[in-house]
Amino acid sequence: MPDCDVLIIGAGLSGIGAAVHLARDCPDRSFLIIEGRAAIGGTWDLFRYPGIRSDSDMYTLGYDFKPWTAPKAIADGDTIRDYVQGTADEHDLTRRIRFGHRAVAAAWDSASACWTVQIDLADGGNTSIVCRFLYLCSGYYSYEKGHRPDFPGEADFAGTIVHPQFWPEALDYAGKQVVIIGSGATAVTLVPAMADAAAHVTMLQRSPSYVVSRPAKDAVADVLRRLLPQHLAYRLIRWKNIVFQQLFYGLTRRDPARAKRELLSRVQAELGPDYDVGTHFTPRYNPWDQRLCLVPDGDLFKALKAGKASVVTDRIERFEAGGIRLASGQLLPADVIVTATGLQLLAMGGMRLSVDGQPVQAGEHLSYKGVMLSHVPNLAVSMGYINASWTLRSDLIARWVAKLLNHMQAKGRQIATPVPAADVVPGKLSWDLASGYVERSANMVPRAGNRQPWLVTANYRIDRKELLDAPMEDPELVLRSIAIAQKKPAYRNQIRSHRP
């Protein structure tokens, strides 16, 4: 007998949201949550570097069922962590969480229609949990290590080197020269957060990212919250921001040159006509080929204009005792170097997956509705948006998973397996981004197909229709009983014709 009907991996933003939807929509199904760390919150409990905050508005990053009520739409990490913890408390979820449980492997057995999940415990032991349905809400990057290139001469540097993912609580950078290597969201956050205390902060980038400023508070939202009931105001604000996000993203796809001009003109207006925006804020790619970096209330631009920070665009030759020698020959003096060099992609939470003894490699599979993997039974992956607020899609996925479980129960079936028809052709990666962390680990990312339900869109309206409104009956989502599953061909033969 299984230990539970559904096992959720991860107690972060996605995992807690998934648990709420399960408890609400499938009250007769049992579930557990396992979390490798000792606390709820995921990303928002892990990252503790100065200034850590959301990089999208909380009216869309928040759950669809729980209004965001804090004053700022662009919120700090502590406030977001409290929001996730508060959600768990309101729905009595903590008793269902097994902390210090890190899933390392999961094996599907068709004869019993169960997953057996192998777990490493924080105390050094190990255990296993058997479940009918496995729901991965563990995000997409490694908590154990970030992307960290080796730089020539690191051993010669006389100061301190830190990675934002593992920020030392006692790090003292007051009055010191700080160099932050990177140009992404983390670097853009760190520069203004450290600038007041440091002697000077330099953002050293090999190439720029697009940055956009917006107010930390949403003035329209504040008016609506004063005039309307809380839940109605939240729905209206949420839809306002969804529409704005989708309109702008659509512009970047239809007319990238225009979107680029608009973004760069705003930066030029912030920094003044004499600032070299062409060198330091003009990427080589089009907007939304990689994530845009949010600058709340123009804090980065204020630090640059005040002379507390600067941007240098160059390549690193080597580290030296007193700082970083650049390819141009310039020496950037540094007492503290922050390597904001990115994330390490980790598919499937880093678990080893197998189906009836055959290993599962995510990159060999197609993504069904952006939720399941072709030929992998009873497995859902919560993968939010990369080009918008993560939770918009993770909420949709949670509601669809509940619909699937109820549909299976109504049909008297224990197994659901996506199986592409012969005309489905593997296409692009299911994550349509050219970001470094995606390109470095493309073999870990499933592929999209050439038509629904194998397309993976970045469009909330389309996804709502596909996940919430489309009928569950689908010839490419095969429902089986245990007895029928025992007679099916071997898993490896099933996927052979659909390798990307």
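Miscellaneous remarks
- Counted residue by residue at 0.36 nm each, then reduced by the alpha carbon distance between them, the extension gain from R464 to Q230 reaches 81.9 nm.
- Here the chain was treated as a single set of alpha-carbon atoms; its pair distances binned every 10 Å from 0 give 4, 18, 28, 25, 16, 7, 1, 0 percent.
- Within the assembled protein chains, the solvent-accessible surface assigned to S265 is about 70 Å², based on a 1.4 Å probe.
- Remark: spin-label model distance T79-T279 equals 3.7 nm, labels positioned 7 Å along the Cα→Cβ axis.
- Our coupling estimate for the stretch 472-478, obtained by passing each phi through the Karplus curve with A = 6.51, B = -1.76, C = 1.60 and θ = phi - 60°, is 6, 5, 7, x, 9, 10, 8 Hz, Gly and Pro reported as x.
- Entry note, the stretch 330-415: relative contact order of 13 percent, from Cα contacts under 8 Å with a spacing of 6+ residues.
- Student exercise, the stretch 289-438 dipole from Lys, Arg, Asp, Glu Cβ charges, in Debye to nearest 20: 400 debye
- Pairs exceeding 25 Å between alpha-carbon atoms, taken from K240/K308; K403/K465; K217/K403: K240/K308; K217/K403.
- The separation of the stretch 345-369 from the stretch 192-269, counted between C-alpha centres, amounts to 35 Å.
- Net dipole in debye of the chain [+1 Lys, Arg Cβ; -1 Asp, Glu Cβ; about Cα centre; nearest 20]: 1380 debye
- V445 long-range amide H proximity, modeled H, under 5 Å: G363
- Placing a pseudo-label 7 Å from each Cα along the Cα-to-Cβ vector at S142 and A39 gives an inter-label distance of 2.3 nm.
- Farthest toward positive dipole pole in the stretch 1-118 [+1 Lys/Arg, -1 Asp/Glu at C-beta], among G41, G86, P2: G41
- Counting only heavy atoms of the protein chains and using a 1.4 Å probe, R291 has close to 60 Å² of accessible surface.
- Applying a length cut-off of 15 Å (Cα extent along the axis) and a mean Kyte-Doolittle floor of -1.0 to the DSSP H helices of the chain leaves 13-25, 185-195, 230-254, 256-271, 390-411.
- Positive minus negative residues near Y173 (Lys, Arg vs Asp, Glu; Cβ under 14 Å): -2
- Within the shell of other residues whose beta carbon sits under 11 angstrom from the beta carbon of C4, the net charge comes to +2, with Lys and Arg scored +1 and Asp and Glu -1.
- Anisotropy class of the stretch 37-138 from Cα gyration tensor, a/c 1.5 cut: prolate
- Debye, to nearest 20: dipole size of the stretch 45-196, +1 on Lys, Arg Cβ, -1 on Asp, Glu Cβ: 340 debye
- Most positive-pole-ward Cα, I181, G298, T202, against dipole of the stretch 178-318 from beta carbon charges: G298
- The distance between label points at L247 and L331 comes to 5.3 nm (points 7 Å beyond Cα on the Cα→Cβ vector).
- Equivalent ellipsoid semi-axes, the stretch 166-324, via Cα gyration tensor eigenvalues times 5, rooted, Å: 32, 21, 14
- Solvent accessible area, Å² - Y275, 1.4 Å probe, full protein context: 60 Å²
- Scalar couplings 3J(HN,Hα) for the stretch 283-297, obtained by applying the Karplus form with A = 6.51, B = -1.76, C = 1.60 to θ = phi - 60°, are x, 7, 10, 7, x, 6, 5, 10, 4, 6, 9, 8, 10, x, 6 Hz; x denotes Gly and Pro.
- Efficiency of FRET between K305 and H91 - r from beta-carbon atoms, R0 35 angstrom, step 0.05: 0.15
- Our coupling estimate for the stretch 361-372, obtained by passing each phi through the Karplus curve with A = 6.51, B = -1.76, C = 1.60 and θ = phi - 60°, is 10, 4, x, 8, 10, 9, 9, 8, 6, x, 10, 10 Hz, Gly and Pro reported as x.
- With all protein chains kept in place, the per residue accessible area of the stretch 43-165 amounts to 40 square angstrom at a probe of 1.4 angstrom.
- Surface share of carbon and sulfur [accessible, 1.4 angstrom probe, percent] for the stretch 129-225: 51 percent
- DSSP assigns beta bridges within the chain; of those with both partners inside it, close to 45 percent run antiparallel.
- Lys/Arg +1, Asp/Glu -1 at C-beta; the chain dipole; positive extreme among L326, G15, W400: W400
- Over all other residues within a Cβ to Cβ distance under 10 Å of V201, the charged ones net out to +1, with Lys and Arg as +1 and Asp and Glu as -1.
- Between the alpha-carbon centres of the stretch 84-100 and the stretch 453-480 there is a gap of 30 Å.
The values are calculated or read from the model by the stated rules, or taken from the named source; none is laboratory data. Predicted, not measured: the structure shown is a model, and the values here were computed from it. Every residue, glycine as well, gets a Cβ built from its backbone with ideal geometry; the counts of neighbours run over all protein chains shown. We work out accessible area using only protein heavy atoms, side chains counted, and drop any ligands, DNA or RNA first. Shrake-Rupley method; radii C 1.70, N 1.55, O 1.52, S 1.80 Å.
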